[in-house]
Amino acid sequence: MARALLAVSGLSRPLSVSCGGYELIPPGPKEVFKSEGGSLRQWGPSTAVEKWARVGVKELILEPGGMLLPQYSNAQSLGYVLEGSARAELIDPVVPTSLRRLKQGDVVVLPEGHVFGLHNDGSEIFKILGVDRGTERACGLDSPTNFTLFGNRDDKSGGASILNGFSKDVLAAAFNVDEPTVEQLLPSEKGASIIKLDKKKRGRGRAHGPTRAAVDWPLGDMRFNLEETPPDIVNKGGSYKAVTVSRLPSLEKVDISAAYATLKPDAIFAPSRYFPAHRVTYFTRGKGRIQVAAPGGTNALDQEVSAGQLVVIPKNFPFITMAARDSPLEWVDLYMACSSLCFCFVAGNDSVYKALPFDWLVTGFNADPEIEKVVLRARTDDAFISTRPPKKAVVSSGPTRAAKSTRPHLLTEHLKTSSARYLVGRWDAPEGNM
């Protein structure tokens, strides 16, 4: 069955896709469905998505005029609009919602059982990335499965309407029509989950009014635009913004949250680990590099990344992301938890090493105490965001004074009262590297 949710290709050259037995980059995306109206591509299945994130990851592309026919899923889903805009219809099992629009930067919550449809009524393509997480293994459905409201039984894509699962006499009785009417209705249905509307049919909207009275429950309650919200963290190196249940309460329905990060050329997102849940990272623009450390001091991943690359980072695995010397890097994070984002840093003023007694560090590293002091003083200018100092200001073994923080007072207070912790800095790449 063609499954909805959803967009850019172009996998980059891997430095090490699977290190130490950890497969953190799922294969794909593989095109699983294509029609005149658009296409659906999907990653995996693989160790990365099944063992670690336990989700399905896919991308939907709708061509101008393309339509994702209304359907519902047995999974909790979250979508992130990568490009374009489209009309959206979201109906819960009881109440229809008002018709709304999705646009680039939107995070949209799609709870289990909610009917969802899309129509690209513009002149540009529409792309949306999505993750599905199964709720239970009912009726032998071990993975997220969609149920479509429309679709011809004879269609080979597997996207037949649920109505085709009933006999004609039963449907005639249920709709209070005769069987010849039912016979005319089912074969006339469009044959695929993704179709293309004729130009004459575009833009009609609810020409004859809704079949049920739509309530004033806007899709905005299920949507949050990350592009339009101010960054939680911003400095010369880049920015980071997130949406959790505190900003979008409906995220509790799917237990997934999202964030968007930008790094300027030669910048670095400090080495850290996220401990509440696994994370799926999709790179949207630019190029750079990511490394992930595994238990036992092994390297789980060392990968050059660019737009379209997908990486799964298990919880508690330390990672570091850096932009190329000549290119910025942007990505969207999808966390398998809806609560506040909690990071534990390996380097920087919030480093876990700085919380340990100094004599423990000297003993643990078995190094000269003066070297330990140099390392501890190398990042003291800001607890959350720091930029790489000029070479003449690099910390040496001599006395050093901590640089004055340039973080705005309001941002400081915001972070002190939040469990979210981020660090964006500058990276001085070795000569010959990116």
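All of the numbers you see were taken from the coordinates with simple rules; none came from a lab. Keep in mind it's a predicted model, so treat the numbers as computed, not measured. Ideal geometry is used to build each Cβ from the backbone, glycine not excepted, and the neighbour counts take in all protein chains shown.
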Counting other beta carbons within 10 Å of each residue's own, what order do Phe275, Phe317, Phe126 fall into, fewest first?
Phe275, Phe317, Phe126
Shape of the range 245-372, Cα gyration tensor, a/c cut at 1.5
oblate
Identify the residues of the range 249-278 with backbone N under 18 Å of a label point that sits 7 angstrom from the Cα of Cys342 along the Cα-to-Cβ direction, or state none.
252, 255-258, 272-278
